[in-house]
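*Asks:* Attaching a single structure in C-alpha cells format; questions to follow.
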Amino acid sequence: MTEFTSRNILKGARDLVAAKWIKFTYGDGDRGYCAVGAVYASEQTLFWRARNHEEDPLLDCPAEYFLCRVIDPDSHPDDVSITRWNDAPERTHEEVLEAFDKAIELASQ
C-alpha cells in the first residue's frame, strides 16, 4: 500500500496532470486536472486507502506547501496561489510537470 505522505500525494497528482492538464477548473477524471485539483484528487485517494487499512492518515506537511515553495521560493507559502500560477496564460504543461517534479524532490528530503 502507498503511504499517505506529501511526497506520494504529489507523485499521484503529477501522474494525473501528466495524463491530462487543464486550466480554470479543478477538473475530474474525465476532463483532466489543474495542479490544485490533482493534489486534491490524489490526497483524497490516498487518504481513503490509508483509512481502509486502519492507519491514521495525518500528513507530515501539506502537499501544497511543497508546490508553493517551488512556484515562488521567495514568498511565504500562504501568499502563493497555485491556482493563479496554473491558470496564467503563459503557463505550459511542461512547466507544471517540472514544478511537480521539483516539489516531489523537496518533499523527499
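The values are calculated or read from the model by the stated rules, or taken from the named source; none is laboratory data. None of the values given here were measured: they were computed from a predicted structure. Don't worry about glycine lacking a Cβ; one is built from the backbone with ideal geometry, like all the others, and counts go over all protein chains shown.
*Asks:* Could you list, in sequence order, the residues of region 3-21 that are outside any helix (DSSP H, G or I) and at pLDDT 95 or above? Show your work before the answer.
*Replies:* Taking region 3-21 first, the residues outside any helix (DSSP H, G or I) are 3-5, 20-21.
LYS20, TRP21, listed by residue number.
*Asks:* Tally time: how many residues in region 7-37 are touching an Asp or Glu at 6+ places or on another chain (Cβ under 6 Å) and crowded, with 22+ Cβ neighbours inside 10 Å?
*Replies:* Of the residues in that region, 1 qualify.
*Asks:* To continue, here is another question. Report, by residue number, each residue of region 89-106 that is surrounded by 14 or more Cβ atoms within 10 Å (Cβ to Cβ) and outside any helix (DSSP H, G or I).
*Replies:* Residue satisfying the conditions is ARG91 alone.
*Asks:* Does LEU46 satisfy the condition of being within 16 Å of LYS11 (Cα to Cα), modelled with pLDDT under 90 and surrounded by 12 or more Cβ atoms within 10 Å (Cβ to Cβ)?
*Replies:* Numbers: within 16 Å of LYS11 (Cα to Cα): yes; modelled with pLDDT under 90: yes; surrounded by 12 or more Cβ atoms within 10 Å (Cβ to Cβ): yes.
For LEU46, the condition - within 16 Å of LYS11 (Cα to Cα), modelled with pLDDT under 90 and surrounded by 12 or more Cβ atoms within 10 Å (Cβ to Cβ) - is met.
*Asks:* Tell me, which residue of region 59-84 that is under 13 Å from the mean Cα position of the chain (by Cα) and farther than 18 Å from SER6 by Cβ is surrounded by the fewest Cβ atoms within 10 Å (Cβ to Cβ)? Working first, answer last.
*Replies:* Pass one, region 59-84, residues under 13 Å from the mean Cα position of the chain (by Cα): 61-71, 81-83.
Now drop any that are not farther than 18 Å from SER6 by Cβ, which leaves 81, 83.
On the way: SER81: 12, THR83: 16.
Per the stated criteria, the residue is SER81.
*Asks:* Oh, and also: Out of all the residues in region 72-98, which are aliphatic (A, V, I, L, M) and either under 15 Å from ALA38 (Cα atoms) or at pLDDT below 95 (or both)? Give the steps one after another, and end with the answer.
*Replies:* We begin by selecting, within region 72-98, every residue aliphatic (A, V, I, L, M); these are 80, 82, 88, 96-97.
Residues satisfying the conditions are VAL80, ILE82, VAL96, LEU97.
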